[in-house]
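Read the figures in this text as sums done on the coordinates, not as results from a lab. From a predicted model like this one, the values you see are computed outputs, not experimental measurements. Cβ placement follows ideal geometry from the backbone for every residue including glycine, while neighbour counts extend to all protein chains displayed.
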Amino acid sequence: MTVRKIVHVDMDAFYASVEQRDDPKLRGRPVVVAWRGMRSVVCAASYEARRFGVRSAMPALRAERLCPDAVFIPPDFARYRTVSRQTREIFRRYTDRIEPLSLDEAYLDVTENKTGLPTATKVAKAIRQAIREELRLTASAGVAPNKFLAKIASDWKKPDGLFVIQPEEVDAFLPPLPVERLPGVGKVTAERLANLGVKTVGDLRAMELKHVESHFGRHGLRLHELAFGIDDNEVVADRPTKSISAEDTFERDLTLEETEEAIRRLAEKVWTASRKEMRVARTVVLKIRTAEFRSLTRSLTPPVPVASCEELTSIALALRKRVNLGVAQRYRLIGVGLGNFREREEAEEQPGLFGERSQG
């Protein structure tokens, strides 16, 4: 059986690094890529800003408090997309099996590479060198026998690092890691695992599969496989994004009118994430769940693609008016999404179309 050779390439502080590259006055300074405003969130932070605790997706106001001397730059996603395309052109010199995750990261299957380099490590080194010399940017890379391990490896020596996990090293590398390093283990799952005495990947390995599945169902099988470094997911070239969404479960049930602040916050988050895509979303979706766990969605496909965060927010707020369950109804969850992604040249004008669906 052929062992796969997977490289995960992750550009370092991508948006902020592009800004620092293009404006010498910003080099060495804490740069925060974000719109200013009460509801704005950080799109990216330079490593100088990260030393103060500034992170992506953080409210911009909090970033300003953490790092008063930060230089705030409004994002220029058209420029970032151009640099992303240049990066992918470098990738294509080595393989056509490229799976972009966003503008700044991608998986590459280099089990067989176009240049005849003997190892995946040499391919990763060549790619990083080309990015440095041609684009004047840095990238971190991870090399491993599967996607899951390659992504962990690329984060291991950030920024501007390369880390390799050989197949024979997996059983020594994984067990000491905190279980939160496994994909799909967020705060809630980590707490549930901790209640079972599982804090490291090694602890999870020690549990019998049937015991894991009894607590986590089908997701338990996936967790158990990852704990042993098993990930059979292939690199899928140019897998198109179908939708981007964000949702929030409230601490207490709210009326429809009380959901406005959450909708505005979620719309900002979704809009920022959508700017990382090469393609354009055509449809806006509002998801809502009642206190009785009844889920409903309302959607709109405007005549032309949504062009700003303000427009996305306005449409999402307008979609609330199509939820007619009475003023006394309370809601426990709200979500905002963009879907129906198309190539930019294909995003032609279409008649506006409201759609709605409810799920009991």
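Chymotrypsin sites (Phe, Trp or Tyr not before Pro), restricted to segment 230-307: which are DSSP loop and have at most 16 other Cβ atoms within 10 Å?
Passing both the DSSP loop test and the Cβ count: PHE293.
Looking at the P(r) of segment 1-151, how many percent of alpha-carbon pairs lie beyond 20 Å?
51 percent
What is the diffusion coefficient of segment 157-314 in µm²/s, taking the Kirkwood radius over Cα pairs and the Stokes-Einstein relation at 20 °C with a viscosity of 1.002 mPa s?
The Stokes-Einstein estimate is 110 µm²/s.
With only Lys, Arg, Asp and Glu charged, each at its Cβ (+1 for the first two, -1 for the last two), find how big the charge dipole of the chain is about the Cα centre; round to the nearest 20 debye.
340 debye
Can you grab the distance from the C-alpha centre of segment 137-204 to the C-alpha centre of segment 214-235, Å, no decimals?
Each part's Cα centre sits 13 Å from the other's.
Tell me, in nm to one decimal, what length is gained between GLU292 and LYS321 on full extension, where the rule is 0.36 nm per residue of separation less the Cα-Cα distance?
Value of the extension gain: 8.5 nm.
Using only helices, what value at 222 nm comes out for the chain when you add -39,500 (n - 2.57) per DSSP H run of length 4 or more and divide by the total residues, to the nearest 500 deg cm²/dmol?
Computed mean residue ellipticity for the chain: -9000 deg cm²/dmol.
Report Rg(Cα)/(2.2 N^0.38 Å) for segment 100-250, keeping two decimals.
1.18
Report the gain in length on full extension from LYS158 to GLU134: 0.36 nm times residue separation, minus Cα-Cα distance, nm rounded to one decimal.
Extra length available between LYS158 and GLU134 comes to 6.6 nm.
Given R₀ = 35 Å, what would the calculated FRET efficiency be for VAL236 paired with GLU310, taking r from the Cβ atoms and rounding to 0.05?
0.55
Find the Cα radius of gyration of the chain, compare it with 2.2 N^0.38 Å by division, and give the number to two decimals.
Rg over 2.2 N^0.38 Å, computed on Cα atoms: 1.08.
Bin width 10 Å, alpha-carbon pairs only: give the P(r) of segment 175-225 as whole percents, running from 0 to the bin holding the largest distance.
With 10 Å bins starting at 0, P(r) equals 28, 67, 4.
How many nm separate the modelled label positions at THR249 and HIS215, each set 7 Å beyond the Cα in the direction of the Cβ?
Reported label-point gap for THR249 and HIS215 is 1.8 nm.
Just in segment 184-247: which GluC sites (Glu not before Pro) are loop by DSSP and have at most 14 other Cβ atoms within 10 Å?
GLU208, GLU234
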